[in-house]
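Heads up: the structure comes next, in structure tokens.
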Amino acid sequence: MPTASLVSGLIEHSINYWLKTSGHNSSAPKKLTGKIFAIELTDLSLVLVMQINEQGLLNVYSPLEGSADCTIKTSLAGLQKLQQPEQITALIKAGEVDIDGDVSLAQQFSDWLKGSLIYWQDILASFTGDIAAHHLSEIAQQTKQLASQKSADAKRIFSHIVWDEKRLAPNPLELEEFATQVQQTRQAADRLSAKIQQLTQKIEAKS
Amino acid sequence: MSDNSENTTHFGYQTVNKEEKVGKVAEVFHSVAAKYDIMNDLMSMGIHRIWKRHTIACAGARPGNKVLDLAGGTGDLTAKFSRIVGENGQVVLADINESMLRVGRDKLRDLGIVGNVEYVLANAEELPFADNSFDIVTIAFGLRNVTDKDKALASIYRVLKPGGRLLVLEFSKPTTEGLSKIYDWYSFNLLPTMGKLVTNDADSYQYLAESIRMHPDQETLKSMMENAEFEEVTYQNLTGGIVALHKGYKF
Ligand SMILES: C[S@@+](CC[C@H](N)C(=O)[O-])C[C@H]1O[C@@H](n2cnc3c(N)ncnc32)[C@H](O)[C@@H]1O
């Protein structure tokens with residue numbers, strides 16, 4: 001019904017705005033052009049029909065008329081869980097997700113869409129950069145605290161996206177491990193140089 | 001008497017000669033063409049976009065399809081169809097009015113829509129296309145302006161491919177008394193006033209309001225489509241029946 005058309009319209013506008021500003025539309029896989037994906041959200045009684053067009057932008061519609069190349073039927077929660085591809089089989093077995101059609105197409109589609117997230121880095125980086133600049137200016141302590149709080153939040157969000165979603169950056173545990181290793185290496189190097197010094201002194205004393 | 005009724009038709013509430021109606025409708029759209037899109041948004045508070053989206057979804061177009069957007073005016077539906085059917089498909093934007101076609105063509109070109117769209121000056125009653133040429137025909141807010149609707153429906157039926165479908169999006173009859181009253185007030189008082197303010201042309205919008213009221217209601221249009229041999233004819237009320245979407249197949 002029209003409400004679904006309103007929702008699909010909003011989704012289409014925001015995704016396409018994002019795809020255009022990031023330029024990600026130009027990297028749309030040719031293989032996916034024209035293919036129809038339907039996502040049926042059972043708890044919202046909403047079907048979203050998505051199609052990548054030749055401009056690399058999305059057509060989003062509701063309802064589905066005719067058949068789709070791949071239909072995914074699930075709840076909002078199920079959709080969230082689908083983010084981890086290794087879960088798919090388990091989710092299907094548990095009856096939380098129902099997939100009909102070419103799954104590999106849907107996988108490629110979602111990979112491409114998620115690929116656009118890579119550009120969040122730039123946008124978020126400029127955001128945290130702004131707040132850093134804020135720090136430098138002469139403002140009251142309170143505002144400063146607030147700003148640094150916000151900056152920390154933004155950094156947390158940022159790092160969350162960067163290492164969790166895309167695994168572009170090492171996550172904090174990996175970083176800690178790395179730091180420990182550096183520490184150990186440095187200690188070993190220190191010991192080694194102490195040893196060398198000892199030996200040199202011995203040799204000098206003998207000669 | 002019978003002689004008389006055969007040669008006359010409605011132009012809004014006035015009864016006019018059939019030929020005269022074609023001329024008068026043309027006059028209306030010539031005079032509003034330039035500001036047509038702005039008025040559309042204002043009049044319906046943007047809801048016409050949602051009705052059109054819904055129509056596109058229900059059309060079920062696929063890449064490679066051939067679509068006729070009849071009485072397509074400034075090409076809102078054509079733009080969307082063009083992106084769906086892709087370079088192997090084709091969309092024909094047909095309208096009886098040159099000014100509307102021109103505004104449509106310019107608008108679509110600005111949107112970067114070229115290649116799979118063709119513009120044809122045509123009367124819905126006598127479509128200049130071969131039999132069985134289209135997978136989908138849509139006529140959005142156009143049928144009520146057509147003088148001989150039965151003739152237009154027959155003509156559409158002829159150009160549809162077997163298995164093809166027709167979608168008619170048109171103002172209809174609100175399903176509740178209350179909505180009907182509000183809507184009447186809106187279209188006979190507010191609408192012509194807005195029309196005057198934006199296009200400096202209250203008469204055209206007075207005509208619009210009247211033509212909406214004279215248009216066949218849901219069930220009447222359904223039987224008209226069935227009389228034109230369409231099958232599995234159904235309709236869906238949108239926004240409380242202010243608008244209805246009729247669908248029928250040629251098998
Ligand atoms: C209200 S506009 C609708 C335009 C467009 N479909 C939309 O929804 O925005 C009606 C259009 O029908 C066209 N029209 C009127 N009579 C026609 C006929 N007999 N054959 C083809 N088009 C006609 C008019 O020129 C006008 O462009």
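Here are some notes:
- Backbone HN-Hα couplings from phi across segment B:238-247 [Karplus 6.51/-1.76/1.60, Hz, Gly and Pro as x]: 10, 6, x, x, 4, 10, 10, 10, 9, 9
- Kirkwood-based Rg to Rh ratio, segment B:34-148, C-alpha trace: 0.94
- Remark: C-alpha extents of segment A:2-122 on the principal axes read 38, 35, 25 Å, sorted largest to smallest.
- The loop-placed GluC sites (Glu not before Pro) in segment B:206-251, going by DSSP, that have at most 15 neighbouring Cβ atoms within 10 Å of their Cβ come out as B:Glu229.
- Interchain or long-range residues, amide H under 5 Å from B:Gly241's placed H: B:Thr175
- When the square roots of the Cα gyration tensor eigenvalues are ordered a ≥ b ≥ c, the ratio a/c for segment B:95-168 is 1.5 or more and a/b does not exceed b/c, which makes its shape oblate.
- The relative contact order of chain B, computed from alpha carbon pairs under 8 Å that lie at least 6 residues apart in sequence, is 19 percent.
- Couplings for segment A:189-198, taken from phi via the Karplus curve 6.51 cos²θ - 1.76 cosθ + 1.60 with θ = phi - 60°, read 5, 4, 4, 4, 5, 4, 4, 4, 4, 4 Hz in order; Gly and Pro are left as x.
- Around the amide H of A:Ile36, modelled in the peptide plane, lie the amide H atoms of A:Asp69, A:Cys70, all under 5 Å away and 5 or more residues distant in sequence or on another chain.
- Accessible solvent surface per residue of chain B, calculated while the other protein chains remain in place, 1.4 angstrom probe, Å²: 44 Å²
- Order of exposure, largest accessible area first, which applies to B:Met194, B:Met225, B:Met214 with probe 1.4 Å: B:Met214, B:Met194, B:Met225
- Peptide B:54-64 - average C-beta neighbours from other chains (10 Å radius): 6
- All other residues whose Cβ lies under 11 angstrom from that of A:Glu54 are scored, Lys and Arg at +1 and Asp and Glu at -1, for a net of +1.
- Local net charge near B:Gly248, Cβ-Cβ under 15 Å (Lys/Arg +1, Asp/Glu -1): -2
- Rounded to the nearest whole angstrom, the semi-axes of the ellipsoid equivalent to the protein assembly as shown, taken from the Cα gyration tensor as √(5λ), stand at 61, 26, 20, largest first.
- Orientation-averaged projected area, Cα convex hull of chain B (nm²): 12.9 nm²
- Between chain B and chain A, roughly 1700 Å² of accessible surface gets buried, counting both sides and using a 1.4 Å probe.
- Cα pair distances in segment A:74-113, grouped into 10 Å bins until the bin that holds the longest one, percent each: 29, 63, 8
- Amide H contacts for B:Val16 (H built 1.01 Å from N in the peptide plane; partners 5 or more residues away or on another chain; cut-off under 5 Å): B:Thr9, B:His10, B:Phe11.
- For the peptide A:53-59, the mean number of other protein chain Cβ atoms found within 10 angstrom of a residue's Cβ is 4.
- For segment B:1-92, the normalised intensity computed at q = 0.11 Å⁻¹ comes to -0.49 (log10 of I(q)/I(0), Debye sum over alpha carbons, equal scatterers, no solvent).
- Of the GluC sites (Glu not before Pro) found in segment B:1-105, those that fall in a DSSP loop while having at most 15 other beta-carbon atoms within 10 Å are B:Glu87.
- Rounded percent of accessible protein surface that carbon and sulfur make up, the protein assembly as shown, 1.4 Å probe: 55 percent
- Total formal charge among the other residues, if their Cβ is under 13 angstrom from that of A:Asp98, Lys/Arg +1 and Asp/Glu -1: -1
- Residue by residue, segment B:159-167 carries 3J(HN,Hα) couplings of 7, 6, 6, x, x, x, 9, 10, 10 Hz when phi is fed to the Karplus relation 6.51 cos²θ - 1.76 cosθ + 1.60 (θ = phi - 60°); x denotes Gly or Pro.
- Links that overshoot a 24 Å alpha carbon limit, given the list B:Lys24/B:Lys161; B:Lys24/B:Lys181; B:Lys52/B:Lys107; B:Lys24/B:Lys250: B:Lys24/B:Lys161; B:Lys24/B:Lys181; B:Lys24/B:Lys250
The values are calculated or read from the model by the stated rules, or taken from the named source; none is laboratory data. Everything quoted here is computed from the prediction, not taken from an experiment. Glycine gets a Cβ as well: all are built from the backbone with ideal geometry, and neighbour counts include every protein chain shown. For the accessible areas, the whole protein counts, side chains as well, though only heavy atoms, and no ligand, DNA or RNA atoms are used. Shrake-Rupley method; radii C 1.70, N 1.55, O 1.52, S 1.80 Å.
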